[in-house]
Structure formats: C-alpha cells, structure tokens
Amino acid sequence: SHEELYTGLRDGNIAQKQLSCVRIESCGNAEQAEILMDNLTGIDGKVRETVSFKLKTFVAARPELFLRQDFYDIFLDAIIDINGNICRNIICALEPLTSDSTFCEYFIENVIQRALAVTSTIENFEYKDRKYVTNKEVFKLYWYLETLGIFSEIPAEELFPLLERTAKIEEYTIREKTARLLSKLPPEMAEKLDGLNFDNNFYVNLALKTNA
C-alpha cells in the first residue's frame with residue numbers, strides 16, 4: 001500500500017528507501033511531505049535524487065503541504081546539492097511555491113545572503129588553492145543565481161548589490177547567470193552593470209540579447 005511505501009522510505013535501508021520512493025505516486029498529507037523532506041538532504045545520493053524527482057510533481061499537486069519554514073531551510077540546502085540533477089529538480093519543484101508571498105520573501109532573502117557569502121569566498125581566494133575550492137563555490141553560486149531566476153519579482157535593493165559583484169567574477173557561467181537576472185532590475189539600475197555589455201564571452205552576450 002501507499003502507507004507501506006512511505007514507511008519504507010522513512011525506516012528502510014538505502015535500497016529500500018530508494019525502491020519505496022520510486023513506487024510512491026503521490027503525496028497526500030503533512031506526514032508524507034515530512035518523510036519526503038527528511039530524505040532530501042543528508043542521505044545517500046540515489047535516495048536524494050529520487051526524492052527530488054518526485055517532488056517536482058508532488059509540490060505542484062499540493063503546494064500547501066510544502067509551505068513551511070523548516071522545509072524552506074531544507075530546500076535551501078538542496079538547491080546546492082553536489083549532484084546538479086538534484087539542484088535542477090528542486091528549483092523546478094519550487095516554482096509552484098512562488099505564488100506565496102511569505103515563501104518568496106524568506107527564500108529570496110536567504111538565497112541572496114548565502115550567495116553574497118559565497119561570492120566573498122570566491123573573491124578572497126588565494127591563487128594557490130584556487131582551482132578546486134573555487135569550482136566548488138562557483139557551483140554553489142551558479143545554482144543560487146539559477147534559483148533567483150524563478151521569482152517574478154525580487155527587491156532591487158537586495159538583488160543589485162549581489163549582481164554588482166557577480167558581474168565581475170572570472171567564471172563566465174556566473175556572468176551569464178548575472179546577465180539573465182538583469183531583467184529583474186529597474187533599467188536605471190541594470191545600466192550601472194554595463195560592464196557586461198563589453199563582455200567578450202559569447203554566452204554572456206547571448207544572455208544579454210535574450211533579456212533585451
């Protein structure tokens with residue numbers, strides 16, 4: 001039964017958790033939502049990925065079950081999972097929640113705070129240990145910026161200080177994501193980041209044209 005599958009996801013070993021989750025077809029109440037969210041972070045990657053895939057459908061079907069601050073904190077960790085498929089699945093799952101103003105306010109503020117902290121780390125790296133650590137931090141920043149893209153409105157006074165700094169980051173994928181977010185700023189603010197207009201990277205230029 002469906003209840004048994006949720007019990008398997010809650011109490012089983014890694015293989016049982018994954019198998020149960022694959023077979024779960026809906027999320028019908030708060031307890032089931034909790035079991036799913038408990039298996040989204042801090043557990044084996046196969047389980048995390050399966051849960052993240054299911055959440056794309058389940059959150060869209062019953063968004064009200066996921067409008068909880070303790071869940072928002074789990075989602076904030078899941079959007080920078082080491083597995084990019086999980087990040088993408090969760091960002092997709094979050095879209096139905098963006099019609100809730102409390103969710104938007106909390107999530108935008110926290111994503112921007114975390115993104116600013118990661119940006120500081122990237123800016124302050126010593127050259128010698130740069131490559132690996134930078135890649136890890138750049139990966140996080142990439143997904144934070146990607147997440148901001150799902151919100152139709154972001155307070156400009158929160159977004160601008162972040163984009164002002166990410167526009168100068170060496171890694172072109174970050175500048176490209178920055179260019180895509182310019183449309184969320186008032187034109188007079190976006191113009192202040194006109195350094196991106198002289199960017200010699202093809203993808204950054206493409207992003208600017210797409211936004212224009």
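The values are calculated or read from the model by the stated rules, or taken from the named source; none is laboratory data. Predicted model, so just to flag it, every value in this text is computed and none were measured. Note that we place each Cβ from the backbone using ideal geometry, even for glycine, and neighbour counts take in every protein chain shown. Just the protein is used for accessible areas: all its heavy atoms, side chains included, with ligands, DNA and RNA removed. Shrake-Rupley method; radii C 1.70, N 1.55, O 1.52, S 1.80 Å.
Are any of the pairs LYS56/LYS192; LYS184/LYS209; LYS140/LYS168; LYS140/LYS184; LYS56/LYS177; LYS56/LYS209 more than 25 Å apart by Cα-Cα distance, and if so, which?
Pairs exceeding the cut-off: LYS56/LYS192; LYS56/LYS209.
Can you give the accessible area per residue of the stretch 33-132, in Å², using a 1.4 Å probe?
Result: 49 Å² per residue.
Treating only the Cβ of Lys, Arg, Asp and Glu as charged (+1, +1, -1, -1), what charge dipole size does the stretch 81-177 show about its Cα centre? Round to the nearest 20 debye.
Roughly 500 debye for the stretch 81-177.
Given an 8 Å cut-off on Cα distances and at least 6 residues of separation, report the relative contact order of the chain as a percent.
Rounded, it is 13 percent for the chain.
Over its Cα atoms, what ratio of radius of gyration to 2.2 N^0.38 Å does the stretch 1-145 give?
Here the Cα radius of gyration is 1.13 times the empirical estimate.
Using unit Cβ charges (K, R positive; D, E negative) and no other charged atoms, how large, in debye to the nearest 20, is the dipole of the stretch 1-132 about its Cα centre?
540
Place a +1 charge on the Cβ of each Lys and Arg in the stretch 1-53 and a -1 charge on the Cβ of each Asp and Glu, then give the dipole magnitude about the Cα centre in debye, rounded to the nearest 20. Mind dumping the intermediate values first?
Numbers: 5 positive and 9 negative charges, 44 e Å.
Computed about the Cα centre, the dipole is about 220 debye.
What order, most packed first, do the peptides 172-184, 71-83, 101-113 have when packing is the mean number of other Cβ atoms within 10 Å of each residue?
Result, highest mean first: 172-184, 71-83, 101-113.
Tell me, what % of the accessible area of the chain is carbon and sulfur with a 1.4 angstrom probe? Let's see the in-between values first.
Working: 5540 of 11040 Å².
C and S fraction of accessible area: 50 percent.
What translational diffusion coefficient, in µm²/s and rounded to a whole number, does the Stokes-Einstein relation yield for the stretch 1-74 at 4 °C and a viscosity of 1.567 mPa s, taking the hydrodynamic radius as the Kirkwood radius over Cα pairs?
108
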